[in-house]
Amino acid sequence: MNHSTGKGDGARVVLSVLVSFLLYLTSIGSLFFTLPLLLLDRRYPKRTTDTACVAALVLVLGRNILMMRDVLDQGLTWAFIGVTMFMPTSLILGAVVWVSKDRTRSIFERIMYAFSPSIVLFLVFEIVLVIAPGLLETLMGAYGATVTDILGPILGLDGESMDFLVLVVLFALVSLTPSIVLANSLLLTFIYEAATHPEDEAFECRIRSFRVPEWFLYLFLGLWTGVLLCCFITVPMWIVVPVVAFAICTILVYFLQGFAIVDYRLWRRGGRMTSFRLAGWLLLILILVQVLNAILVFGLALLGVLENWINLRKPEEFSDEDHS
């Protein structure tokens, strides 16, 4: 249970902020840099967690500004800083929203609330780029040059083919960014909740009974219909990018439902594996056997989608169903 911050707790909060910042500076650790901030909520009041999150975000922003201090007089520099800050800002705001929401809410609702800052930021970035076409062209040229320098010597393509590849790579990076943020946020909040509820049967029951509401199926089908239409008709890029980006995000949401179904089936067979251990094994497989990544993700997502028509779980067996 949270308690007021005492004199001896300030150092622990500062240490958590510094650990978070140091994790952000590493390649793998950057995926987990909000976890020390989330864990503060187990011990301290919400305002302490919020303050720590803001402090960590200021450190990240300060580091990015410091790295580009020699060219701060150029407008493009601030555009680069803005793009760089999208992911850490989305993750930290998501963490703040997650711990602020009532824990009696359904898991689905809390996920949507926590992801909403990312959606807003993504749309704001897109609007800025649309109303400032010169900025978009400059950013694409700069990032395209980086892609060319990396892939050019390896692939040895001619100019026209290389230009097409650069466009494909940049489109993929932009379209995948929201889903990467969502996946990262889901992983960290799951670790946080599992640490907060160790061996808690009520928590395990909420995971096993996680359900995506029926209305989400229409959003899923609508977005992927839009993706399909974009393959056959000419659509402005500022429409294509968010449609593809959010369509991929819907797959991750149904992936969670597929995970819950597997967790439920294992529980029904008398297994003693907790959802946290199951997630750990799944993550280990995804890391070590990367050829299975797409198969596992799409397979579990398909399982989640199928539950809209096939009852793969029996809700009446749950004593504490998560009515999403």
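Values quoted throughout were computed directly from the atomic coordinates according to the rules given, and no laboratory measurement underlies them. None of the values given here were measured: they were computed from a predicted structure. Every residue, glycine as well, gets a Cβ built from its backbone with ideal geometry; the counts of neighbours run over all protein chains shown.
A Cβ-based charge dipole, computed about the Cα centre of region 197-324 with Lys and Arg at +1 and Asp and Glu at -1, lands at about 400 debye.
All other residues with a Cβ under 9 Å from the Cβ of Tyr113 taken together, and with Lys, Arg as +1 and Asp, Glu as -1, what is their net charge? Its environment carries a net charge of +2. Working note: 222 nm ellipticity from helices only, DSSP H runs with n ≥ 4, each -39,500 (n - 2.57), summed and divided by the residues of the chain, gives -25500 deg cm²/dmol to the nearest 500. Highest mean first, the peptides 26-32, 217-223 sorted by other C-beta atoms within 10 Å per residue fall in the order 217-223, 26-32.
Below 8 Å between Cα atoms, with a sequence gap of 6+, how large is the relative contact order for the chain in percent?
Details: 304 pairs, mean separation 54.6, N = 324.
Reported as a whole number, the value is 17 percent.
Grab the eigenvalues of the alpha-carbon gyration tensor for region 31-124, scale each by 5, take roots, and send me the semi-axes largest first in whole angstrom.
In descending order, the three semi-axes are 28, 16, 8 Å.
Computing volume of the Cα convex hull per residue in Å³ directly from the structure and comparing it against (i) 165; (ii) 242; (iii) 141 singles out (i).
A cut-off under 14 angstrom between Cβ atoms defines the neighbours of Ser16, and their net charge, with Lys, Arg +1 and Asp, Glu -1, is 0.
Projecting the Cα positions of Trp281, Cys231, Ser118 onto the charge dipole of the chain (unit charges on Cβ atoms of Lys, Arg, Asp and Glu, taken about the Cα centre) puts Trp281 furthest along the positive direction.
Dipole check for the chain: with +1 at the C-beta of Lys and Arg, -1 at the C-beta of Asp and Glu, and the Cα centre as origin, the magnitude is about 1020 Debye.
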